Amino acid sequence: MFAFFMWLHIMSAIIAFGPTFSYPIMGMMVAKQPQHALFVVKLQESVAMKLTYPFGLVVLPLAGIGMIWKIGGLSWLFDTTWLLAGLGVYIVAFAYSLAVQTPTGMKLMHALEKMPPGPPPEGSTGPPPEIAAMVKKLQLGGMFLTLMLIVIMVIMVFGANGKLGS
């Protein structure tokens with residue numbers, strides 16, 4: 001049963017967070033072809049709502065709880081500094097995602113929906129300042145969340161270091 005929970009935990013992480021590593025590539029493409037910005041923002045929000053949040057906030061933690069239960073329950077959990085550190089980083093990352101990143105992405109999507117179709121007006125040198133500010137905030141937030149995800153992966157892989165399932 002432990003192997004099933006571990007498989008489910010790893011698959012959930014891949015499904016939830018794997019697609020997010022493509023967001024910077026999408027952003028670079030939109031910078032070159034801004035007429036596709038609304039589509040890309042809608043795609044990213046759809047991935048968040050249909051993959052990242054259900055798998056990252058529900059399935060992943062439930063599978064983690066299943067592994068903890070099979071290993072030794074709460075007493076084991078509180079004896080593992082590496083796991084508590086990973087959980088702390090996970091909570092910070094998801095709190096930021098829910099409190100800042102998702103609302104900013106939704107605001108950007110609504111702002112883009114209100115923009116007139118077609119090319120930018122003659123003489124414009126970039127997006128309107130409010131759009132540029134939201135994009136910058138999302139870029140910085142994305143970098144922060146990517147760093148948090150990498151830290152979590154390092155903690156989970158190297159912290160466990162053969163201590164699971166034995």
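Readers should treat all values here as calculations from the given coordinates under stated rules, not as data from a laboratory. These numbers were taken from a predicted model, which means no experiment stands behind them. When we count neighbours, we look across all protein chains shown, and the Cβ atoms used for this are built from the backbone with ideal geometry, even at glycine.
Pairs of lysine residues in the chain that meet both criteria, 8 or more places apart or on different chains and Cα atoms under 24 Å apart, total 17. Take the Cβ atoms of Ile150 and Val58, set R0 to 22 Å, and the FRET efficiency comes out at 0.50.
Counting beta carbons within 10 Å around each of Leu60, Leu140, Leu87 and listing the fewest first gives the order Leu140, Leu87, Leu60.
Over the residues of the chain, the helix contribution to mean residue ellipticity at 222 nm works out to -22500 deg cm²/dmol, using -39500 (n - 2.57) for each DSSP H run of at least 4. Extension gain for Met26-Lys114 works out to 29.6 nm (0.36 nm per residue, less the C-alpha to C-alpha distance). With the largest listed first and rounded to whole Å, the semi-axes of the equivalent ellipsoid of the range 119-164 from the Cα gyration tensor are 42, 8, 5.
For the chain, a simple Cβ point-charge model (Lys and Arg +1, Asp and Glu -1, everything else neutral) yields a dipole of about 80 debye relative to the Cα centre. Legend: Rg and Dmax of the chain, from Cα coordinates, 19.2, 66 Å.
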